[in-house]
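Participant: Handing you this structure, nothing more for now.
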Amino acid sequence: MKSLYTVIKKPIVTEKASALKAEARKVVFAVDRRANKLDVKAAVEKLFEVKVTDVQTMVFRGKHKRVGSSQGMRQNWKKAVVTLAEGTDLDVFGTTPTGEVPPVPGPEQG
């Protein structure tokens, strides 16, 4: 099995991904192109300590790009949509549950 940190590259935060998380308990990640569904499921369960019920993967082909007279192509990448079990939630960015900002330690006065 591949390293957990090489399987999951980054979370994808878009309007559609946010709607999926709110409505259907689905979280979207950009993953390594060589990772399969079992690798993604194991990585999410171990890294975030949640129960995964389903994983859907899709490969996006790189776009052709041009800058001046030089041409190139972006890399292909894979996206995984992970469905979480009922009653579990995943906070990718680690914000506080109440939405409060934690106090900032500063110089003591007094």
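The values are calculated or read from the model by the stated rules, or taken from the named source; none is laboratory data. None of these values were measured; they are calculated from a predicted model. Every residue, glycine as well, gets a Cβ built from its backbone with ideal geometry; the counts of neighbours run over all protein chains shown. Ligands, DNA and RNA are stripped out before the accessible areas are found, and what is left, the full protein with its side chains, is counted by its heavy atoms. Shrake-Rupley method; radii C 1.70, N 1.55, O 1.52, S 1.80 Å.
Participant: Tally Lys and Arg at +1 and Asp and Glu at -1 over the other residues with C-beta under 14 Å from the C-beta of Val27: what net charge comes out? List each step's numbers first, then the result.
Facilitator: Numbers: positive: Lys9, Lys10, Lys16, Lys21, Arg25, Lys26, Lys41, Lys51, Lys79; negative: Glu23, Glu45, Glu49, Asp54, Asp89, Asp91.
It works out to a net charge of +3.
Participant: Looking at this model, which pairs from Lys21/Lys65; Lys2/Lys51; Lys37/Lys65; Lys2/Lys65; Lys16/Lys63; Lys41/Lys63 are more than 25 angstrom apart at the alpha-carbon?
Facilitator: Working: Lys21/Lys65 32 Å; Lys2/Lys51 20 Å; Lys37/Lys65 30 Å; Lys2/Lys65 31 Å; Lys16/Lys63 21 Å; Lys41/Lys63 28 Å.
Checking Cα-Cα distances, Lys21/Lys65; Lys37/Lys65; Lys2/Lys65; Lys41/Lys63 exceed 25 Å.
Participant: Suppose the chain between Asp54 and Glu23 were pulled fully straight at 0.36 nm per residue; how much longer would it get relative to their current alpha carbon spacing?
Facilitator: 9.6 nm
Participant: Counting only heavy atoms of protein chains, what accessible area per residue, in Å², does region 1-67 have with a probe of 1.4 Å?
Facilitator: Per-residue accessible area for region 1-67 comes out at 71 Å².
Participant: What does the highest-first list of 13-20, 39-46, 61-68 look like by mean Cβ count within 10 Å? Working shown, then result.
Facilitator: Details: 13-20: 11.8, 39-46: 19.6, 61-68: 8.9.
With the highest mean Cβ count within 10 Å placed first, the list reads 39-46, 13-20, 61-68.
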